[in-house]
Structure formats: structure tokens, C-alpha cells
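Participant: My structure is below; once you've seen it, I'll send some questions.
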Amino acid sequence: MRNDLPDRLFDFAVRNVMFMKNLPGEPEFNNIRYQLSKSATSPGANYEEAQAGSSKADFIFKTEISLREMRESNYWIRIIEATLIHGSDATKELVYLKNESTELKKILGSIVVKSKSNR
């Protein structure tokens, strides 16, 4: 696994997009698929924007958006975990995505806290 945060955020987004292809086709999963596709791809995009922020405040703002979106992704992943039949092929990937979203939340949260204290 790469430790570079932009790469990890990109990989997280791609793995979520690929994972969603395995979700059941029932209508109740359509909203979950839609919400997760938005929230899982947003942290990386916003963190990329933060890297080119026009100010420290802009960097913090964009990173906070990344954190909020990662928290939302973790929520949708937990919904999927609670509603999917365990033992399916997707279970292993779901565990990875849940753990990775938790780690990325901690990393982004730490960046926000440190950035705010260094203003």
C-alpha cells in the first residue's frame, strides 16, 4: 500500500467505484450507490484542490471538505456492511474500504487540526 495521501485518496475512490459494481441491483441500493459514488470520489478531488489553495485558510477549507466527505463515505460503507449478506465475495473488499476510510478520516482530521493550530 502506498503511503502518499493523494494516492491513497485516489485508490480509495477507484476501489469504491469498482466495489459498487458488485452491489445488489435492488432499488434500495440505488440511493446508497449514488451517495457513496459522490462521497468516495470527493475527498481526493478536494484534497487535490487544497494542494493549490490560494491561502492557508483555503487549504484548511478544502481539507475540511475532504474530511466531511470521507466521514460520509464511512457512513455509507457501514450501511452496506449492515445490509449485505456476509460471506459474499464483496465482504473482504468491504472490510478494506471500511478500514481505509477510518484511517483516512484520522489522517485528514489530523491535517486539519495541525493546520488550524499553525495559522
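The values are calculated or read from the model by the stated rules, or taken from the named source; none is laboratory data. Please read these numbers as outputs of a predicted model, since none were measured by experiment. Cβ atoms come from the backbone with ideal geometry, glycine included; neighbour counts cover every protein chain shown.
Participant: Polar (S, T, N, Q) and touching a Lys or Arg at 6+ places or on another chain (Cβ under 8 Å) - does that describe any residue in the range 80-90?
Facilitator: no
Participant: Now a separate question. So which of PHE19, PHE61 ends up being in a helix (DSSP H, G or I) and in contact (Cβ under 8 Å) with a residue 24 or more places away in the chain? Let's see the steps before the verdict.
Facilitator: Working: PHE61 fails: in contact (Cβ under 8 Å) with a residue 24 or more places away in the chain.
Only one candidate qualifies: PHE19.
Participant: Within the range 25-43, is there a residue that is over 21 Å from THR91 (Cα atoms), surrounded by 13 or more Cβ atoms within 10 Å (Cβ to Cβ) and touching a residue at least 40 places away in the same chain (Cβ under 8 Å)?
Facilitator: yes
Conditions tested, residue by residue: (1) β-branched (Val, Ile, Thr); (2) at pLDDT below 95.
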| position | (1), (2) |
| --- | --- |
| SER54 | no, yes |
| SER66 | no, no |
| ILE77 | yes, no |
| HIS86 | no, yes |
| GLU93 | no, yes |
| LEU97 | no, no |
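Participant: Based on what the data block shows, is PHE10 surrounded by fewer than 19 Cβ atoms within 10 Å (Cβ to Cβ), within 21 Å of VAL112 (Cβ to Cβ) and of a type in the set (A, V, I, L, M, F, W, C)?
Facilitator: Against the criterion (surrounded by fewer than 19 Cβ atoms within 10 Å (Cβ to Cβ), within 21 Å of VAL112 (Cβ to Cβ) and of a type in the set (A, V, I, L, M, F, W, C)), PHE10 qualifies.
Participant: Another question, then. So ALA40 ticks every box in (1) under 22 Å from VAL112 (Cα atoms); (2) of a type in the set (A, V, I, L, M, F, W, C); (3) not in a helix (DSSP H, G or I) but one. Which box is left unticked?
Facilitator: ALA40 satisfies every listed condition except (3).
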